[in-house]
1. Filter the stretch 90-108 down to residues that are free of Cβ contacts under 8 Å to residues at least 12 places away in the same chain and of a type in the set (A, V, I, L, M, F, W, C) and give me whichever is nearest to Ala79 (Cα to Cα).
2. Would you confirm whether any residue within the stretch 49-68 is under 13 Å from Ile11 (Cα atoms), part of a loop (DSSP other than H, G, I, E, B), touching a Gly at 6+ places or on another chain (Cβ under 7 Å) and modelled with pLDDT under 95?
3. Could you tell me which of the residues Phe58, Phe80 is under 29 Å from Arg37 (Cβ atoms), hydrophobic (A, V, I, L, M, F, W, C) and in the same structural domain as Pro122 (by TED's automatic domain parsing)?
4. Return the residues of the stretch 88-116 that are assigned to a helix (DSSP H, G or I) and over 26 Å from His8 (Cα atoms); say none if nothing qualifies.
5. Please go through the stretch 70-105 and pick out each residue that is touching a Pro at 6+ places or on another chain (Cβ under 9 Å) and either among the hydrophobic types (A, V, I, L, M, F, W, C) or surrounded by 14 or more Cβ atoms within 10 Å (Cβ to Cβ) (or both).
6. Being over 19 Å from Lys18 (Cα atoms) and outside the structural domain of Lys18 (by TED's automatic domain parsing), is that true of even one residue in the stretch 32-54?
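The values are calculated or read from the model by the stated rules, or taken from the named source; none is laboratory data. These numbers were taken from a predicted model, which means no experiment stands behind them. Here the Cβ positions follow ideal geometry from the backbone for every residue, glycine too, while neighbour counts run over all protein chains shown.
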Amino acid sequence: MKFSEIHHIAIICSDYEKSKDFYVNQLGFAVIAEHYRAERDSYKLDLAVNGKYQIELFSFPNPPKRVQSPEACGLRHLAFAVEDLPAVVDALQQKGIATEPIRMDEFTGKRFVFFRDPDGLPLELYSI
C-alpha cells in the first residue's frame, strides 16, 4: 500500500461568506470551483494552495461546534509551509488577523506560529 500525497483537506464552517472571505481574500487561496447543493442547503468551495493542494470549504445548516481544547482527540491543526515567516505574520497582522508569538520547534530548530480561522480552527505557519 502506498499513499502518493494529500489530495484535499475539508473544513466545515459556520458562516460561509465570512470563511470564504477569510480563505480567499485574506489568505489568498485561489478558487478552483464553487457549488451550491440545494438538496443539502450546502456550499462547497474548492480552493488551491500553491496550485497543488486543495482545501474544500463546506457550509451546512447548524453544524455542531468544534471541540475547543487544543489537546482534544482528532485533527489538531492545519500547517502551511512558508519561506519568510516574519513577512507572512506581518501581512496577516496588517489584515487584522491575530497571531500568537513566533516560537521555535525544539526538535527541528524551525520557527512556527499559530493563528485561527473565523470558526477558531487552529492554523499554523511553519518556516521552511
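1. Across the stretch 90-108, the extreme among qualifying residues is Met104.
2. Yes, there is a match, as at least one residue in the stretch 49-68 is under 13 Å from Ile11 (Cα atoms), part of a loop (DSSP other than H, G, I, E, B), touching a Gly at 6+ places or on another chain (Cβ under 7 Å) and modelled with pLDDT under 95.
3. On the way: Phe58 fails: in the same structural domain as Pro122 (by TED's automatic domain parsing).
None of the other options fit; the residue is Phe80.
4. In the first step, residues of the stretch 88-116 are kept if they are assigned to a helix (DSSP H, G or I); the result is 88-94.
Those that are assigned to a helix (DSSP H, G or I) and over 26 Å from His8 (Cα atoms): Asp90, Gln93, Gln94.
5. Restricting attention to the stretch 70-105, the residues satisfying the condition of being touching a Pro at 6+ places or on another chain (Cβ under 9 Å) are 70, 76-78, 102.
Matches in the stretch 70-105: Leu78, Ile102.
6. The answer is no, given that none of the residues of the stretch 32-54 is over 19 Å from Lys18 (Cα atoms) and outside the structural domain of Lys18 (by TED's automatic domain parsing).
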